[in-house]
Amino acid sequence: MEISTRINVDCNVILFKVEGKLDLAALLKHATETTQHPDFQPGMASIWNLLDADYQHLVGKDIESSQAVSRSSGDDRGAARVAVVVHDELGHGLVRMFQAMAGLAHIEYHITRSIPEAMQWLELPG
């Protein structure tokens, strides 16, 4: 799995692009490490582009085991809006499952199949 990250301070957004076989633990570790970046500000919106990610192998126990990592980064993350871009119904369902199991009330999620829709939902310039 490869993750590229770009923090756009002017738009107050973090752009993540994930490619290859998704490793949920590594993805969450990367997200947590991003909160330590000098340009990171609590409450920054983010777009997770999973269009080129392979998540076919993930099962409920993978998502369940990621809960502790996700919850532990909540204090650094702050309240935020997160748009997740997936390519199919499975991706949509997995993100919804993660959202429900993680119990992150301070994060507002939107799942879509297009980057422009994610940008629109986050009210970012096109």
Discussion item. Just checking, does the stretch 27-45 include any residue being within 20 Å of VAL86 (Cα to Cα), of a type in the set (Gly, Ala, Ser) and in contact (Cβ under 8 Å) with a residue 40 or more places away in the chain?
Written reply: yes
Worksheet item: Does the stretch 84-94 hold any residues that are out of contact with any Leu (no Cβ under 8 Å at 6 or more places or on another chain) and open to solvent by less than 40 Å² (accessible area, probe 1.4 Å), and which are they?
Response: ASP88, GLY93
Item to complete: May I ask you to list the residues in the stretch 107-126 that are among the β-branched types (Val, Ile, Thr) and either in contact with a helix residue (DSSP H, G or I) (Cβ under 8 Å, 6 or more places away or on another chain) or more than 10 Å from VAL85 (Cβ to Cβ) (or both)?
Response: ILE107, ILE111, THR112
Fill in: In the stretch 101-118, the residues that are within 14 Å of the chain's Cα centre (by Cα) and of a type outside the set (D, E, K, R)
ALA102, LEU104, HIS106, ILE107, TYR109, HIS110, ILE111, THR112, ILE115, ALA118
Discussion item. Just the residues that are open to solvent by 20 Å² or more (accessible area, probe 1.4 Å), touching a helix residue (DSSP H, G or I) at 6+ places or on another chain (Cβ under 8 Å) and either among the aliphatic types (A, V, I, L, M) or in a loop (DSSP other than H, G, I, E, B) (or both), please, taken from the stretch 95-106.
Written reply: MET97, MET101, GLY103, LEU104, HIS106
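The values are calculated or read from the model by the stated rules, or taken from the named source; none is laboratory data. Please read these numbers as outputs of a predicted model, since none were measured by experiment. Every residue, glycine among them, receives a Cβ derived from its backbone with ideal geometry; neighbour counts consider all protein chains shown. Areas reflect the complete protein model, heavy atoms only, side chains present, ligands, DNA and RNA absent. Shrake-Rupley method; radii C 1.70, N 1.55, O 1.52, S 1.80 Å.
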